[in-house]
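Please read the structure below before turning to the comments.
The values are calculated or read from the model by the stated rules, or taken from the named source; none is laboratory data. Being a predicted model, the structure only gives us computed values, none of them experimental. With ideal geometry, Cβ positions are generated from the backbone for all residues, glycine too; neighbour counts draw on all protein chains shown. Heavy atoms of the whole protein, side chains included, go into the accessibility calculation; ligands, DNA and RNA do not. Shrake-Rupley method; radii C 1.70, N 1.55, O 1.52, S 1.80 Å.
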Amino acid sequence: MRGSIDGILGTKEEISKERKLNSSSTRTKKWLKRREMWLVILGVLLHAVYMLSIFDIYFKSPIVHGSDLVSPRFKSPPAKRLVLLIADGLRADKFFEPDLETGQYRAPFLRSVIKEKGRWGVSHARPPTESRPGHVAIIAGFYEDPSAVTKGWKANPVEFDSVFNRSRHTFAYGSPDIIPIFCSDIPHTTWNSYPHEFEDFATDASFLDEWSFDEFKSLLNRSNYDPELKKLLQQDNLVVFLHLLGCDSNGHAHRPYSNIYLNNVKVVDSIAKRMYDLVEDYFKDNQTAYIFTADHGMSDKGSHGDGHPANTDTPLVAWGAGVQQPKRSSRGRYSDDGFRFVDEHVHHMPTPLDWGISGIDRVDVNQADIAPLMSTLLGLPCPANSVGNLPLGYINLDEREEVEAALANTKQVLNQFLRKSQLKQSTSLRFKPFKALENHSSVLEQIEALISVGIYEEAMKLSQNLRTLSLEGLNYFQTYDWLMLMSVITLGYIGWMICLVLHVLQSYTSFSGSINQMLQLRNNRSQVYICGFLVMAVIFVLLSVERSPPLYHVYTAMTIFLWTQIFSEYRFLKLLWKDLSSSNFVFSMKLLATSAVSVVILEFLVNSFTDRKLYTYCFLIVGVLAAIYLFYAIPGRSAVPVFILVSCWFLSTFTLMPAEIPDNTPLVIASGLIISGVALAVRCFDLTTGGSKYWQCILNCEDQKPMSTLLFYLQVFLVGLSSVMVEVTTTHRTEKKELLMLHQLINWSVAGVSMVLPLFSPTSLLSRLTSIFLGFAPPFLLLSIGYEAVFYGALALVLMAWILFECAILYLTKAWTSSYIKDARHEQEERWLQLSDMRVPIIFMVLFNVAFFGTGNFASIASFEISSVYRFITIFSPFLMSGLLIFKLFIPFMLVICVFSAITKLIGVSRLGCYFLVILSSDVMTIHFFFLVRNTGSWMEIGNTISHFGIMSAQVVFVLMLFALTNIYTKDIHIGSRRSSSQKAL
């Protein structure tokens, strides 16, 4: 009897050994959990902080306080007051070109101004082509840093000077998103804005423009009964600003080629005419200057933000007091004189013939040039932070006053440079001045002397050259700390990557040995920490003496901390080097090959950010190679290779499609049938695995029941209902009807309920993943407008192919047998990571990036198609709309992560260990993008490189967030006992 018990439970010695092993396992778990928690926190903090570094290096705020203002030396200002009309979202071509149906021009009044009263041109905006940066450029004369796009709906986050500040009084009416930015903190303003509820994308928004005009008209009428207001209106240096939002709202909702948008152009022109008649009739002194322009354009798909000419080219028309009369165009053949506007347009662009004004002289400007133009017309100093160049082609001045105006513009830019130089010199231990402007005082004296003797042409050349040098000097001090910061951040990223490698080796590979040995290697590290602390203290003192920003201290502290951690592992590093140097040739070659292939694939992913078509070639090739490998490796199972080939080739077609998704409601509706068909095929496969020892062994080890029939058909019903609601809500919008509350309630309910149902599905691998696929399909369909709905099904097919591929690898390598299982260290029998497991994070990275680029360029602001949310909300609500857009973009990522989590369970490795390998791979790309960031060339190129770097830096955060979110769905996935499964198979 005793022997029988010993045979079943083990001998006393074995039981004692098992208890020690369990104690060691518990200690290991606690140590690993604590270390991993701190590593994850460090990774999130490090990437969040280092992501900010790109703005400290390249795009610090250009605002500098304390520079002196310079007023132009005029006997009297050219104009007594100025009217500024900004048509938000108005494209230059839609404004100037004739209507295709009638042949008539859409802006007859402003065209008559161009021909008879004033000057015209194209104002070139610089990305990000959003409302806030555009208005800041026009009114304040400088370009905000790229992060300004994230402040588009906030009140003024920084203090800056503007034309409104310099004016005696400003009257402003328009959108609640724009007017308060410039007027809420200025005491000498009278302003009003309509409620946010007026901005309904389901209606014709041209009434918003009429509201702004009516408010100013009411003000003038009220002045007839208000002596104080009448007196105020009669003073000089007044600015009247009307913000006309209609074109922007109608462009987003109905596209810039729709009749509603084009009719809004006519409304804007009518308001300009009525405004001119109203002001001239009221003041009767011909002392008013008028400027009509736009903050940005609008792409064909109803969005803006990038550097496409449709977004950067805006109209500019100026007339009235102080503005030159029209001139006949004297240009012959248009030649490139080398000048480039901020959006990379050449100086002498030919005017399209269909605009009908090619015979009239055209004066193009950069958007920031409008601020000094307005200031000079009113005889005011340019805004303190303006970098605009005064466009003399618009102002009617004599030769001396022209030079005086240009010199005032130059001095204002030079004063900014001198202020920045002074601030930097006061804080630098070793100051390096900008040598080109060391003799600026003598140049100014020379210009003044030339003006005094009437040599205006030479004075103008010197003034313009001095202004150019001042702008270069401003740029010099903007990037003064560039080299130091780049070095610190680069060392920080390299240190972080080494720390990740060491952690994976110590925690998830057989190299780590016992926990006691690891703890012994980590002892006696106090000397390294003391040295690291001393180095950090010395650098902090130096940074404090130079009064560096707090973030400089943070960048340096993180980098020193990481390298201190690395040097503290010197014993483990010695042991690692000894082990690697003594390893056999085959292992060394395998390690080098795995590293080389991984780097090549990651470099391929880097290039895919600028060329989506690379994914087409990738999946065409991978589909063939995987099919051939499995066809010969698993004879008799030819259906799997064929399925992998077809699914990869199907997905490869999407990166050939246009990034700007065209509207195609029938395709979205048909996608509901495709999604249901894919789910039905997987369910049938799941039901048939019970008859196959091969699939039962790997996928359904313990004969779990597949997904319940009722739940499955309920989810399929919700997919069908969402397709019906796509048709219903789209029809209502195309008929210019409002989104019914009932439709809105159904859409929100379907989306919400469908995402909860997967939690009640069976926990077998295929049943749970099929349920997740069906659960996120309704919200994705309701947020889709075109072919991206089909992409959802195609991606699911490739993810299924990945599962089948891993199953085949698992079957071939016998990875579930006891020889690969850890020695009772984890309850779920996780095995050590091997070199071959690197394929899992690499495949994940490829599929994760396909989710980025499969339906467009996620790295571009213009990829956020706002019409996607109109089935849930049409009232303008920027945060809710942004949240819905981001959620839609994240749904494919969530599918990829769910399958990734399931595969780590399938092959028996640590999911967190694979997550660290994913972050390591991501950081190889991040550091490459860090070096690819540009501060020269077109702004579109610069913006793209910044967004690429930002996306990769943020992956550690939002991948972790999505891992936590998808864990709700995948934590219950049950693979079964590998030991019992292997015995069944045998």
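When only DSSP loop residues count, what trypsin sites (Lys or Arg not before Pro) in segment 45-119 have their Cβ near at most 13 other Cβ atoms within 10 Å? Write down the numbers at each step before the final one.
On the way: sites: K60, R73, K75, K80, R81, R91, K94, R106, R111, K115, K117, R119; in loops: K60, R73, K75, K80, R91, R106, K117.
Passing both the DSSP loop test and the Cβ count: K75.
Please give the contour-minus-distance gain from V642 to N607: 0.36 nm per residue of separation, less the Cα-Cα distance, rounded to one decimal in nm. Kindly include the intermediate steps, with their values, before the conclusion.
On the way: separation 35, 0.36 × 35 = 12.60 nm, distance 2.92 nm.
Between V642 and N607, full extension yields 9.7 nm more.
Using θ = phi - 60° and the Karplus form 6.51 cos²θ - 1.76 cosθ + 1.60, what ³J(HN,Hα) does each residue of segment 374-383 get, whole Hz, x for Gly and Pro?
Here the 3J(HN,Hα) series is 5, 4, 5, 4, 8, x, 9, x, 5, x Hz.
Specify which residue in the list S421, S386, A436 is farthest towards the positive end of the charge dipole of segment 374-457, using unit charges on the beta carbon of Lys, Arg (+1) and Asp, Glu (-1), about the Cα centre.
Of the candidates, S421 comes out farthest on the positive side.
Based on the Cβ-Cβ distance from A670 to F958, what FRET efficiency comes out when R0 is 30 Å, to the nearest 0.05?
0.45
Can you give the Rg/Rh ratio of segment 178-218, where Rg is from the C-alpha atoms and Rh is the Kirkwood radius? Show your work: numbers first, answer last.
Working: Rg = 11.9 Å, Rh = 11.7 Å.
Ratio of gyration radius to Kirkwood radius for segment 178-218: 1.02.
Could you please state, rounded to a whole Å, how far the C-alpha centre of segment 209-242 is from the C-alpha centre of segment 538-596?
What the calculation gives is 66 Å, centre to centre.
Treat segment 562-691 as a sphere of radius equal to its Kirkwood radius over Cα pairs and apply Stokes-Einstein at 37 °C in a medium of 0.692 mPa s; give the translational diffusion coefficient in µm²/s, rounded to a whole number.
Working: Rh = 19.7 Å.
It diffuses with D of about 167 µm²/s by this estimate.
By its C-alpha gyration tensor, with a ≥ b ≥ c as the square roots of the eigenvalues, how is segment 37-86 shaped: rounded for a/c under 1.5, else prolate for a/b larger than b/c, else oblate? Present the calculation step by step, with values, prior to reporting the outcome.
On the way: a/c = 6.65, a/b = 3.26, b/c = 2.04.
Prolate shape, in that a/c is at least 1.5 and a/b is the bigger ratio.
D663 to R34: extension gain in nm, 0.36 nm per residue of separation minus the Cα-Cα distance? Write out the running numbers ahead of the final one.
Values: separation 629, 0.36 × 629 = 226.44 nm, distance 5.00 nm.
Using 0.36 nm per residue and subtracting the Cα-Cα distance, I get 221.4 nm.
Using the structure shown, list the pairs from K75/K273; K60/K80; K94/K273; K231/K273; K75/K411; K411/K432 with a Cα-Cα distance above 29 Å, or answer none. Walk me through the intermediate numbers first.
Details: K75/K273 31 Å; K60/K80 37 Å; K94/K273 18 Å; K231/K273 25 Å; K75/K411 19 Å; K411/K432 22 Å.
Pairs exceeding the cut-off: K75/K273; K60/K80.
Please grab the % of Cα pairs in segment 532-585 that end up more than 19 Å from each other.
Numbers: 667 of 1431 pairs.
Here the long-distance tail beyond 19 Å is 47 percent of all Cα pairs in segment 532-585.
Kindly state, to the nearest 0.05, the FRET efficiency for H188 paired with K435, given R0 = 30 Å and r defined as their beta-carbon distance. Don't skip to the answer; put the middle values down first.
Working: r = 42 Å, r/R0 = 1.41.
Result of the calculation: an efficiency of 0.10.
Could you please state how large a percent of the accessible area of segment 551-621 is carbon and sulfur, counting protein chains only and using a 1.4 Å probe?
Details: 2940 of 3990 Å².
In segment 551-621, the share of accessible area belonging to carbon and sulfur is 74 percent.
Report, by chain and number, residues whose modeled amide H sits under 5 Å from the one on N366, excluding near sequence neighbours (fewer than 5 apart, same chain).
HN-HN under 5 Å from N366: H124.
For segment 72-147 and segment 340-399, compute the distance between their C-alpha centroids and round to whole Å.
10
List the residues, sorted by chain then number, that are 5 or more residues from V323 or on another chain and whose placed amide H is less than 5 Å from its amide H.
When sequence neighbours closer than 5 places are left aside, the close amide H contacts are N396.
Rounded if a/c is under 1.5, else prolate if a/b beats b/c, else oblate: with a ≥ b ≥ c from the C-alpha gyration tensor eigenvalues square-rooted, which is segment 236-367? Don't skip to the end; give the middle numbers.
Numbers: a/c = 1.86, a/b = 1.10, b/c = 1.69.
The shape class here is oblate.
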